[in-house]
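Engineer: Below is a structure I'd like to ask you about.
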Amino acid sequence: MEEYAFFPGCIAKNVYPGIEKATRIVFEKLGIGLRDYEYSCCPPPGVLACYDKPSWLVMGARNLSQSEKDGLNPMTVCSGCYGTLHNVWYALKNDPDLMGFVNDHLGRIDAEYKGKVHPIHFVDILKNYKEKIAELKEIDLGLNVAVHYGCHYLKPSSVTGENSERPTLLDELVGLAGCKAVPFKDGLTCCGAGGGVMSGEPDVSLKIINTKLNNMKDANVDAIVNICSFCHMQFDQSQKKLKTTEIPVLHLNQLFGLAFGIRPKHLALHTHLVSTRDLEKKLKDLKKGGE
Amino acid sequence: MGKSVKEILIDGNGYACIQCGRCTGSCPSGRECSLRTRKLIHMARMGMDVIKTEELWDCTTCFTCQERCPKEVKTTDMIIELRNLAVEEGYFPTMSDVPKIIIKSLYDTGAGQPLSPEVSKIRAIIGLKKEAYDVSTNAETLKKFQRLLDGLEITKKGGLR
Ligand code: SF4
Ligand code: SF4
């Protein structure tokens, strides 16, 4: 069985546990194993990498080292975690001196990172399971959605190898759940949460997301679909503060959970700040219609 | 490990900048506030007090400017390095204490965003363990983790003392 070390990250564990749950359900259904480890926070690329890069590198490397003895690559459901772990992995891989520095620190707690396992974003696993996802689909969700690629899954492309200006993967993936990715203005811009801006400069952060949310609203979407717990939190929490839009927010694994017939409550949709009630009603009607 | 502004410019290819402004034009943050990416690069090159500017902390590190720069200037990488230098020199962002709170939580629990009793309840209702399995599950592991952070002197740099 294909297996990964599951790196849930703080937000999916401690703020939006529906993301952790949805991920476990979706991966179990797909027959992909997830193993837990004694992970710490990634740590955050915005706050920590900007304050103290050496600490960021060492803590990131400690996390990467956890599953090395088992040879399992850590999988993230948050692009913030992915940005940290992937950039740490990339920096260490290309710099033996830096690897030495990191391992001097890790040595004090009897840990070591050799660079043998590397982080992977969950969508890069899902993209190899398109047929299986289509097979498992019980409900054609039929929603018009705004897909949010976010920043750190795509960029910097010199490190990620992705096409950062014209990505198509998410448009395809939501299609497997019977949804349509609707184009909207400035579709690829940042959610405004990263870089410590959400915590350090909240007004600026809200202005950035407000512009984005209004562009999504103009496209008349039923939901926002994201692939990052941190963006997810920004989309959900900021709408409560701004009160100008009310677009339900779904992590991609929650969307697939719904398409696989999992009850919304089991995906913790009722705990989102922006109500998902209209969305759920639509799905109920669909289910009835299909019976 | 700290770099000087000059070293940051060299490593980030900042001297190749032709001041075309594509970075500023691409910046989602600059549309909403006074951050001007091109200007930061200019200030750094002119030996101006770039690390004291508050705009340095308005960047979301979205990497759009770095992707689009025609001269392959590593703008975002440089902003991150400049922030590290600013912290080292004592120029913390003044707007909010939240970054400090996050660093404290990181030290105490291993999580930047700690678990609240409410979310713990939700976890149980949806069939997850009340607390996720992580660095804080095992007291010994958490102690080791804190020892690692002590060695990095993170609590000093976070301005927590
Ligand atoms: S896009 Fe590049 S070359 Fe143009 S101003 Fe910005 S950093 Fe300089
Ligand atoms: S990385 Fe920072 S400076 Fe560059 S475009 Fe994004 S927010 Fe603006």
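The values are calculated or read from the model by the stated rules, or taken from the named source; none is laboratory data. Small disclaimer: the values here were computed from a predicted structure and weren't measured. Neighbour counts are summed over all protein chains in view; Cβ atoms, including those assigned to glycine, are modelled from backbone coordinates with ideal geometry. Remember, those area values only see protein heavy atoms, side chains included, never the ligands or the DNA or RNA. Shrake-Rupley method; radii C 1.70, N 1.55, O 1.52, S 1.80 Å.
Engineer: Suppose we filter A:9, A:31 for residues that are out of contact with any Leu (no Cβ under 6 Å at 6 or more places or on another chain) and either open to solvent by less than 10 Å² (accessible area, probe 1.4 Å) or under 20 Å from residue B:110 (Cβ atoms) (or both); which single one remains?
Structural biologist: One residue alone meets the criteria, A:9.
Engineer: Of these, A:50, A:42, which one is of a type outside the set (Phe, Trp, Tyr), outside the structural domain of residue A:257 (by TED's automatic domain parsing), crowded, with 19+ Cβ neighbours inside 10 Å and within 26 Å of residue A:274 (Cβ to Cβ)?
Structural biologist: A:42
Engineer: Among helices (runs of 4 or more DSSP H) lying entirely in segment A:117-190, which contain 1 or more residues that are more than 17 Å from the chain's Cα centre (by Cα)?
Structural biologist: Hits in segment A:117-190: A:130-136, A:157-160, A:169-176.
Engineer: Determine the pairs where a residue that is on the phi > 0 side of the Ramachandran plot, located within segment B:21-35, has a partner that is near ligand 1 (Cβ under 7 Å from one of its atoms) with Cβ atoms under 8 Å apart, the partner being 6 or more residues away or on another chain.
Structural biologist: What qualifies is B:21/B:38.
Engineer: Any idea which residue in segment B:1-42 is nearest to residue B:71 (Cα to Cα), counting only those that are more than 14 Å from every other protein chain (Cβ to nearest Cβ) and more than 12 Å from ligand 1 (Cβ to nearest atom)?
Structural biologist: B:10
Engineer: Out of the residues in segment A:37-86 that are among the β-branched types (Val, Ile, Thr) and within 11 Å of chain B (Cβ to nearest Cβ), state the one that is nearest to residue A:160 (Cα to Cα).
Structural biologist: Top of the filtered list is A:84.
Engineer: Would you mind listing the helices (runs of 4 or more DSSP H) fully within segment A:2-58 where at least 1 residues are modelled with pLDDT under 95 and on the phi < 0 side of the Ramachandran plot?
Structural biologist: A:47-51
Engineer: Next question. Does residue A:114 satisfy being touching a residue at least 24 places away in the same chain (Cβ under 8 Å) and open to solvent by 40 Å² or more (accessible area, probe 1.4 Å)?
Structural biologist: yes
Engineer: Name the one entry in A:198, A:233 that is at pLDDT below 95, within 19 Å of the chain's Cα centre (by Cα) and more than 8 Å from every other protein chain (Cβ to nearest Cβ).
Structural biologist: Residue meeting the stated conditions: A:198.
Engineer: Does any residue of segment B:143-156 turn out to be more than 9 Å from chain A (Cβ to nearest Cβ), in a helix (DSSP H, G or I) and surrounded by 14 or more Cβ atoms within 10 Å (Cβ to Cβ)?
Structural biologist: Among the residues of segment B:143-156, at least one is more than 9 Å from chain A (Cβ to nearest Cβ), in a helix (DSSP H, G or I) and surrounded by 14 or more Cβ atoms within 10 Å (Cβ to Cβ), which makes the answer yes.
Engineer: Here are some residues: B:41, B:18, B:51. Which one is away from ligand 2 (no atom under 13 Å from the Cβ), open to solvent by less than 40 Å² (accessible area, probe 1.4 Å) and not small (Gly, Ala, Ser)?
Structural biologist: Exactly one of B:41, B:18, B:51 is away from ligand 2 (no atom under 13 Å from the Cβ), open to solvent by less than 40 Å² (accessible area, probe 1.4 Å) and not small (Gly, Ala, Ser), namely B:51.
Engineer: Tell me the residue from A:137, A:207, A:130 that is under 20 Å from residue A:46 (Cα atoms), modelled with pLDDT of 95 or more and among the basic types (Lys, Arg), please.
Structural biologist: The conditions single out A:207.
Engineer: Looking at segment A:98-108, is at least one residue away from every other protein chain (no Cβ under 13 Å) and touching a helix residue (DSSP H, G or I) at 6+ places or on another chain (Cβ under 8 Å)?
Structural biologist: The answer is yes; a qualifying residue exists.
Engineer: Could I ask something else about it? Yes or no: segment B:26-36 includes at least one residue that is within 7 Å of ligand 2 (Cβ to nearest atom), over 17 Å from the mean Cα position of the chain (by Cα) and part of a helix (DSSP H, G or I).
Structural biologist: Checking segment B:26-36: at least one residue is within 7 Å of ligand 2 (Cβ to nearest atom), over 17 Å from the mean Cα position of the chain (by Cα) and part of a helix (DSSP H, G or I).
Engineer: Take the residues in segment A:158-177 that are within 14 Å of another protein chain (Cβ to nearest Cβ) and in contact with a helix residue (DSSP H, G or I) (Cβ under 6 Å, 6 or more places away or on another chain), then tell me which one is farthest from residue A:212 (Cα to Cα).
Structural biologist: A:159
Engineer: Do you know which of the residues in segment B:66-92 that are open to solvent by less than 10 Å² (accessible area, probe 1.4 Å) and either outside the structural domain of residue B:52 (by TED's automatic domain parsing) or modelled with pLDDT under 95 (or both) is farthest from the chain's Cα centre (by Cα)?
Structural biologist: B:86
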